[in-house]
Amino acid sequence: MAMAMNVSPCFCVASNRRSGNRVRAVASEDLVFSKIKDDKVKLGGSDLEVTRLGIGAWSWGDTSYWNNFEWDDRKMKAAKAAFDTSVDCGITFFDTAEVYGSRFSFGAINSETLLGRFIKERKVKDPEVEVAVATKYAALPWRLGRQSVLTALKDSLNRLGLSSVELYQLHWPGIWGNEGYIDGLGDAVEQGLVKAVGVSNYSASRLRDAYEKLKKRGIPLASNQVNYSLIYRAPEENGVKAACDELGVTLIAYSPIAQGVLTGKYTPENPPTGPRGQIYTPEFLTKLQPLLNRIKEMGDNYSKTNTQVVLNWLVAQENVIPIPGAKNAQQAEEFAGALGWRLSSEEIDELRSLAMEIKPVTGFPVEKL
């Protein structure tokens, strides 16, 4: 079994400032993170290229699901460190949404606002830095027509402090008005407000419809962002992954570490807090332990963590970009360690086989629309 190099791709960015005795190690590790930064993939049939792994910003500023219902300066600094460390490690693709950190949640700060602030502050120190931003349109029932998409996008750009974004996505299918939403995506491309467009939580049939409608305007549907992890493989079972592969649409995987459950940090005696505790119960975590134990054994063979193993498993599925959520610098650095190596085909198959013995939790309701 080939062993992966146990090299942190960004650790010595800071070490280089502290000590002149580690220049050789710094050079080696800089080479690794430079490789991650340069190893980009095209998003679907668009011209947009992004890193093979992105960072989700759902938790940034949120008080409705994450952060134990409160947001403070300490968490703000941790999120900023997560952003900077990700960029240091070569990961420059960030996914947010207009509803993350919604103003309707007490004490919340909009995730787009935070991401825009972090980018602006980074550019002061590093004017040449290039960050790919993805954000999303909320298909709320009272929003109708293509103009609603453009209006929401311009509001997002204002919060981000940007003139355009790399990827704009429909966050979920609307109850009605979906054709108008797709028209709005096409208009956004033609007006130069976005480089690429995608959808999220779209079924295989909805995906095909959106693809064909945009194709008539000569615009590729770049991506479909869905819930996908080792223990939530609905995209494989409902035809979404196959449709993405057939059409050349990149699958962006949200909740790729099952909201932290696949990291191994939670046990039946120590389940997640907040809403996640209602999903990942002690009973579920008990059934999950054999899989987590095997993930750890594989990780030990490669000097990798559980998190890095399960993210690598997703990357190995091909045409998949995982976007785990990073709350702090340590998590961001750990995510980068999922790249630059690969599980064997036998290990990939074994993990899927073990995961099939676990009944998946309920997914996001809009996946059924």
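Looking at W172, W176, which one is surrounded by fewer than 13 Cβ atoms within 10 Å (Cβ to Cβ) and closer than 25 Å to A210 by Cα? It is W176. Please go through the stretch 239-254 and give me each residue that is surrounded by fewer than 17 Cβ atoms within 10 Å (Cβ to Cβ) and in contact with an Asp or Glu (Cβ under 9 Å, 6 or more places away or on another chain), ordered by number. Answer for the stretch 239-254, where residues must be surrounded by fewer than 17 Cβ atoms within 10 Å (Cβ to Cβ) and in contact with an Asp or Glu (Cβ under 9 Å, 6 or more places away or on another chain): A242, D245. Scanning the stretch 70-95 for residues that are part of a helix (DSSP H, G or I), closer than 17 Å to I109 by Cα and among the acidic types (D, E) gives a single hit, D73. If you go through the stretch 324-343 and keep only what is among the hydrophobic types (A, V, I, L, M, F, W, C), more than 13 Å from A79 (Cα to Cα) and open to solvent by less than 10 Å² (accessible area, probe 1.4 Å), you end up with F335, A336, A338, L343. Being assigned to a helix (DSSP H, G or I), crowded, with 20+ Cβ neighbours inside 10 Å and either under 20 Å from the mean Cα position of the chain (by Cα) or not β-branched (V, I, T) (or both) holds for only one residue in Q308, Q225, and it is Q308. For the stretch 134-167, which positions are touching a residue at least 24 places away in the same chain (Cβ under 8 Å), in a helix (DSSP H, G or I) and open to solvent by 30 Å² or more (accessible area, probe 1.4 Å)? Correct list: R146, Q147, K154, D155, R159. Being at pLDDT 95 or above, more than 20 Å from the chain's Cα centre (by Cα), open to solvent by less than 40 Å² (accessible area, probe 1.4 Å) and on the phi < 0 side of the Ramachandran plot holds for only one residue in L291, L262, and it is L291. Looking across V199, V194, V189, one residue alone is under 21 Å from T113 (Cα atoms) and either in contact with a helix residue (DSSP H, G or I) (Cβ under 7 Å, 6 or more places away or on another chain) or aliphatic (A, V, I, L, M) (or both). It is V194.
Of the residues screened, V131 is one that is within 17 Å of the chain's Cα centre (by Cα) and touching a residue at least 24 places away in the same chain (Cβ under 8 Å).
The values are calculated or read from the model by the stated rules, or taken from the named source; none is laboratory data. Bear in mind the structure is a predicted one, so any value in this text is a computation, not a measurement. No Cβ is skipped: glycine too gets one built from the backbone with ideal geometry, and neighbour counts run over all protein chains shown. Ligands, DNA and RNA are stripped out before the accessible areas are found, and what is left, the full protein with its side chains, is counted by its heavy atoms. Shrake-Rupley method; radii C 1.70, N 1.55, O 1.52, S 1.80 Å.
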